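Coordinate-derived values only; no laboratory data. The shown structure was predicted, so the numbers you read here are calculated from the model rather than taken from an experiment. No Cβ is skipped: glycine too gets one built from the backbone with ideal geometry, and neighbour counts run over all protein chains shown.
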Amino acid sequence: MSINVKQCPLCGQTRFNELYRHVTAFDPSYSHFGVAQDNCLLRDVFLVDRIERTLMWCRNCGMCFISPTFTGPELERLYKTARMRDHYALVKTTKPSPAASINHPESIWSAEEKHSQFIFDRVRDVANVECLKDMTVVDVGGQYGYHLRHFLAAGARGVLQDVVRQQTIFPGVEYSATLAQIRHADIAICTHVFEHVVNLREFVEQIAAIQPIGAVCYVEVPYELDSRLRNHDFGVPFHVNYFSIESLVNVMRMAGYRNAHCSVSKLTYGGQPILAVYGIFVREQKQAGNIAFIQWSRWREILRGGIWRTAYRWLPGLIQW
């Protein structure tokens with residue numbers, strides 16, 4: 001990790017605060033299986049046992065990100081090593097690891113059925129997409145492409161874009177290594193991708209470049225900023241961006257999208273329930289200019305996160321599936 005971030009990866013401004021520093025250290029016995037696997041990659045791919053990083057907050061657009069961050073070659077090496085963590089699925093931790101699903105992705109597809117239906121329904125209802133026949137739907141960074149299942153059933157063409165091609169891809173889904181090869185996307189789906197991207201604005205602009213005016217983009221990221229602020233840790237070591245609702249909307253606005261709906265909800269990842277920020281955005285003619293300063297406060301985000309997590313635990317009926 002050799003890039004000390006000098007400007008916000010979203011708006012390019014240099015007015016940001018250092019919130020806290022944290023040391024990520026190799027520990028194969030970490031209780032969270034995902035963190036333990038990532039730490040294995042941390043050592044085997046980057047050849048280090050510990051990394052000290054700082055959580056930064058942009059005072060212009062509200063983006064929270066990590067510095068120093070990964071270089072492009074480091075990220076490419078990371079995600080092409082051992083089938084994106086799958087080689088490390090059998091690492092022993094103090095909690096069970098879902099290693100059995102690695103070579104049997106059909107179990108993940110089944111566990112994510114309800115989530116896939118949620119994405120399909122929100123894209124159709126919120127964005128007023130009535131007829132999907134002959135449309136091209138792209139699952140960006142979608143691993144197996146299973147979130148395309150309902151779009152395929154509705155007559156759409158489904159394309160999975162990912163830097164790594166899995167051995168098994170959801171039936172009927174095409175594969176592309178790059179966005180440029182696709183050229184056109186009426187609907188784009190980005191689930192749990194933005195938190196991994198170093199050059200975030202450039203990445204979103206690449207998606208916007210293949211979407212015509214009026215096209216729809218569904219974005220979903222883990223809702224973890226409040227816990228990162230509260231606990232002063234980074235969770236999964238390879239997450240480099242942390243989002244509030246406002247900062248996710250700003251990400252899309254600066255790439256030329258209008259916010260149709262953005263909220264926090266209880267969703268799943270790999271079949272496991274989590275809180276996530278999700279939004280449906282519509283492609284517009286022009287990109288937004290400089291975003292006005294956001295009156296953002298870590299205490300407000302901690303409070304909001306506490307309310308959501310209390311509802312998640314004790315009042316599940318208040319949260320959409």
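Descriptive notes on the structure:
- Within-13-Å neighbourhood charge of T136 [Cβ basis; K, R +1; D, E -1]: -1
- Cα pair distances exceeding 20 angstrom across segment 229-309, given as percent: 44
- Shape class of segment 113-224 from the Cα gyration tensor (axes a ≥ b ≥ c, square roots of the eigenvalues): rounded, since a/c falls below 1.5.
- With R₀ fixed at 30 Å, the C-beta to C-beta distance from Q272 to T14 puts the FRET efficiency at about 0.20.
- With the convex hull drawn over the C-alpha atoms of segment 173-225, the volume per residue is 102 Å³.
- Ranked by the mean number of other Cβ atoms within 10 Å of their residues, highest first, the peptides 169-175, 17-23, 141-147 come out as 141-147, 169-175, 17-23.
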